[in-house]
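These notes concern the structure reproduced below.
The values are calculated or read from the model by the stated rules, or taken from the named source; none is laboratory data. Source: prediction; values computed, not measured. Cβ atoms come from the backbone with ideal geometry, glycine included; neighbour counts cover every protein chain shown. These accessible areas exclude ligands, DNA and RNA; they are computed on the full protein's heavy atoms, side chains included. Shrake-Rupley method; radii C 1.70, N 1.55, O 1.52, S 1.80 Å.
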Amino acid sequence: MVMDPPMPWNPNYGVVGSGDRRLAFSRQLSSSFSSTPRLARSDSSISMPPPLLPAGTTFRWLATRPMRRLALLIALNVAYSATELSIGLFTGRVGLVSDAFHLTFGCGLLTFSLFAMAASRTKPNNVYTYGYKRLEVLAAFTNALFLLFLSFSLAVEALHAFMQDESEHKHYLIVSAVTNLLVNLLGVWFFRSYARVSIVYRKPEDMNYHSVCLHVLADSVRSAGLILASWFLSLGVENAEVLCLGIVSVAVFMLVLPLFKATGNILLQIAPGNVPPSAFTKCCRQISACEDVSEVCQGRFWELVPGHAVGSLAIRVKNGGHYQSVLEHVHGLYQDLGIQDLTVQTDEESDII
């Protein structure tokens with residue numbers, strides 16, 4: 001009787017059986033990762049993770065045109081909001097102070113978008129194994145969430161103006177609205193190629209640039225609404241502010257909702273939207289029909305970022321089946337669907353109890 005050789009021992013996972021065979025297909029090879037675990041059994045303390053960005057990364061990538069334009073836009077908005085805040089404090093205009101704080105918060109979100117542009121170009125490491133591309137998706141989601149809140153606040157402001165007629169106290173905002181409109185129109189021109197309600201996102205940069213464009217576009221629409229409201233009030237039109245703010249609220253909501261859905265779907269890791277669910281079901285049936293496959297389970301597919309679909313699949317192979325042919329067949333099926341990074345785990349039927 002021939003004895004099987006002893007199974008190898010892995011310090012992290014225990015005994016690795018011969019039936020536990022895994023093979024990962026990926027078009028993008030990962031960079032050099034450390035083979036040593038970050039926390040071994042002999043470690044007495046937990047090592048702190050490396051910083052999110054190496055020193056000087058942001059300044060190095062400011063050489064790109066979108067980042068230079070966004071940095072200029074942020075600088076203009078910061079200068080304008082500081083001026084507006086100073087004038088509002090010295091003159092006692094609460095509306096100017098409130099608008100200055102709104103612009104300051106918006107500048108913070110645009111700065112986060114700028115940071116995401118720089119960080120997304122950093123290579124993966126042993127902590128952020130997928131890299132930093134999703135920062136751009138997160139920045140776009142944050143901008144979309146802020147703009148949805150802006151839409152809600154404009155609706156509340158319109159309701160408040162309808163219940164309490166305070167329109168005559170807000171004519172001084174016309175100068176602020178005109179200046180803010182000019183600054184934001186410059187930002188719209190910078191990112192004019194993304195000035196659409198819904199676009200096809202092929203890269204994570206598309207989401208981030210689109211969110212920046214919608215951010216400045218929504219602020220432009222808001223300023224234009226205030227200008228129209230002041231003009232209509234000067235003509236004696238009643239409830240002009242209510243009408244203009246209501247229209248602006250609906251317009252901002254309609255502009256931002258597609259981006260909010262697209263970014264939220266990626267962060268929630270739903271199945272890739274460009275692949276119909278019936279296609280995944282068909283692939284599963286084709287794999288199950290293979291002679292060497294007894295069961296297909298645990299199929300999970302999602303978009304890491306726009307243009308990069310990831311999937312994992314567990315397959316139970318019949319005893320004595322040809323692993324390599326099964327894996328090549330599975331890889332070919334999902335590659336045709338656009339799954340770039342597929343991990344397939346195979347187990348022998350006899351090893352499953």
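Of the whole protein surface, residue 243 contributes about 100 Å² of accessible area at a 1.4 Å probe radius.
Think of each Lys and Arg Cβ as +1 and each Asp and Glu Cβ as -1; about the Cα centre, that makes the dipole of the stretch 107-217 roughly 800 debye.
Here the Karplus curve 6.51 cos²θ - 1.76 cosθ + 1.60, taken at θ = phi - 60°, turns the phi angles of the stretch 331-336 into couplings of 4, x, 4, 7, 5, 5 Hz, with x standing for Gly and Pro.
Which trypsin sites (Lys or Arg not before Pro) in the stretch 140-234 sit in a loop by DSSP (not H, G, I, E or B) and have at most 12 other Cβ atoms within 10 Å of their own Cβ? Intermediate values should be presented prior to the final figure.
On the way: sites: 170, 192, 196, 202, 222; in loops: 170, 196, 202.
Passing sites in the stretch 140-234 are 202.
Using the Cβ-Cβ distance between residue 298 and residue 164 with R0 set to 51 Å, the FRET efficiency from 1/(1 + (r/R0)^6) comes to roughly 0.30. Given their separation in residues at 0.36 nm each and the Cα-Cα distance between them, residue 284 and residue 185 gain 30.6 nm when the chain is fully extended.
Considering only Cα-Cα distances, which of the following residue pairs are longer than 24 Å: 123/203; 123/282; 133/261? Long pairs (Cα-Cα over 24 Å): 123/282.
Between residue 71 and residue 129, full extension at 0.36 nm per residue minus the direct alpha carbon distance yields a gain of 18.0 nm.
In debye to the nearest 20, how big a dipole does the stretch 171-271 give about its Cα centre with +1 on each Lys and Arg Cβ and -1 on each Asp and Glu Cβ? Each step should come with its number before you reach the end.
Details: 6 positive and 5 negative charges, 78 e Å.
Its charge dipole is roughly 380 debye.
Computed from backbone phi, the HN-Hα couplings of the stretch 93-99 come to 8, 5, x, 5, 5, 5, 5 Hz, rounded to whole numbers (Karplus: 6.51 cos²θ - 1.76 cosθ + 1.60, θ = phi - 60°; Gly and Pro given as x).
A cut-off of 5 Å between modelled amide H atoms, ignoring neighbours fewer than 5 places along the same chain, links residue 126 with 34. Between the listed residues 162, 259, 224, the Cα displaced farthest toward the positive end of the dipole of the stretch 142-282, a dipole computed from Cβ unit charges relative to the Cα centre, is found at 259.
Rounded to the nearest Hz, the phi-derived 3J(HN,Hα) couplings of the stretch 298-305 under the Karplus curve 6.51 cos²θ - 1.76 cosθ + 1.60 (θ = phi - 60°) are 6, x, 10, 9, 7, 9, 5, 9, where x marks glycine and proline.
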